Amino acid sequence: MIIAIDGPTGAGKSTVGKALAKRLDYLYIDTGAMYRALALKVKESGIGLEDEVALFQLVSSIRLSFSAIGDEMHLFSNGEDVTHAIRSPEISRLASDISKSRVVREALVRMQRDFGKAGGVVLDGRDIGTVVFPDADVKFYLDADPEERGRRRFQEFSEKGLQVDLSETLKEVVERDRSDMSRSISPLKRAEDAILIDSTCLPVEEVVERMLRIVAEKRRWGEADRR
């Protein structure tokens, strides 16, 4: 099966997606990390975001791959492990900016489809169920109250030793929502057939269990149809 998880920043997509994929023995693809990896390359190269030609050349040359190391899925960019280097507020903001580029989105969507075309995969992002895999077997839209999402982001950055301000993090979450939902190319929105789960007051384990029950039910429907 192809399972899509969309939703805004801080909703818990990555945490839940990893856990769900592990329970199903599926491959987990964090598509947001792919944009972050490209953002890191943009920062290192000094390319201007308005330079579409340079962006196209960069995204055409980058080679991204995922590999499980222990219990963690690592992302490699041109052979370099960038799993931790891409998890900073600066790279997050830059990833949001470059995601508005058509050449960037088209290239990364092609990569994401290649990663997931064989099935047995959980992908999370902002346009998985609407653009990347509109025919995904199961679609979820994971959301949470903006304040709770901001608190989670603050905690995540703090645990990584980054110096961040809670009020500023809350503002950035709201701004990221506005940017993601208003962009002209593949804006963040809930697919019509996506199942909404509000994780504001739910522990990760409960969210995963709900998803597992829905996936199991979908499997039973599929088996019944084949019979």
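Just so you know, all these numbers are worked out from the coordinates, no wet-lab data involved. Everything numeric here is computed off the predicted structure, so don't read it as measured data. Methodologically, a virtual Cβ is constructed for each residue, glycine included, from the backbone with ideal geometry; neighbour enumeration extends over all protein chains shown.
Would you tally the net charge around Leu142, using a Cβ to Cβ cut-off of less than 9 Å, leaving Leu142 out, and scoring K and R as +1, D and E as -1? Here the charged neighbours net out to -3.
Can you give the FRET efficiency for Ala54 and Asp97, using 1/(1 + (r/R0)^6), R0 = 22 Å, r = Cβ-Cβ distance, to the nearest 0.05? Between Ala54 and Asp97 the formula returns 0.90. Residue by residue, region 125-135 carries 3J(HN,Hα) couplings of x, 10, 9, 5, x, 9, 10, 5, 10, x, 9 Hz when phi is fed to the Karplus relation 6.51 cos²θ - 1.76 cosθ + 1.60 (θ = phi - 60°); x denotes Gly or Pro. Across all directions, the average projected area of the convex hull around the alpha carbons of region 6-56 is 4.7 nm².
Once the Kirkwood radius over Cα pairs is known for region 129-192, the Stokes-Einstein relation at 10 °C and 1.306 mPa s delivers a diffusion coefficient of 118 µm²/s. Put in line by how crowded their Cβ is, counting other Cβ atoms within 10 Å and starting with the fewest, Lys13, Lys117 read Lys117, Lys13.
Extents of region 84-205, taken as max minus min of Cα coordinates on every principal axis and listed largest first, are 40, 33, 27 Å.
With neighbours defined as other Cβ atoms within 10 Å of a residue's Cβ, the residues His74, His84 order from fewest to most as His84, His74.
Quotient of the Cα radius of gyration of region 156-214 and 2.2 N^0.38 Å, N being its number of residues: 1.48. Can you figure out the FRET efficiency of Lys160 with Lys43, using R₀ = 30 Å and their beta-carbon distance, to the nearest 0.05? The pair Lys160/Lys43 has a calculated efficiency of 0.95. For the pairs Lys139/Lys160; Lys41/Lys100; Lys160/Lys218; Lys18/Lys160; Lys18/Lys117, note any where the Cα-Cα span goes beyond 26 Å. Table pairs above 26 Å Cα-Cα are Lys139/Lys160; Lys160/Lys218. Sorting 42-50, 149-157 by their mean Cβ neighbour count within 10 Å, with the most densely packed peptide first, gives 149-157, 42-50.
Approximating the spin labels as points 7 Å out from Cα along Cα→Cβ, the Cys201-to-Ile185 distance works out to 4.1 nm.
Across region 195-206, coupling constants 3J(HN,Hα) worked out from phi with the 6.51/-1.76/1.60 Karplus curve, θ = phi - 60°, read 8, 7, 10, 8, 9, 3, 10, 10, x, 4, 4, 5 Hz, and Gly and Pro carry x. If I histogram all Cα-Cα distances within the chain using bins 10 Å wide from 0, what percent of pairs lands in each bin? Once binned at 10 Å, the Cα pair distances of the chain give 8, 33, 39, 17, 3, 0. A simple rule links phi to the HN-Hα coupling: the Karplus curve 6.51 cos²θ - 1.76 cosθ + 1.60 with θ = phi - 60°, which for region 141-150 gives 10, 9, 9, 6, 4, x, 5, 5, 5, x Hz, with x for Gly and Pro.
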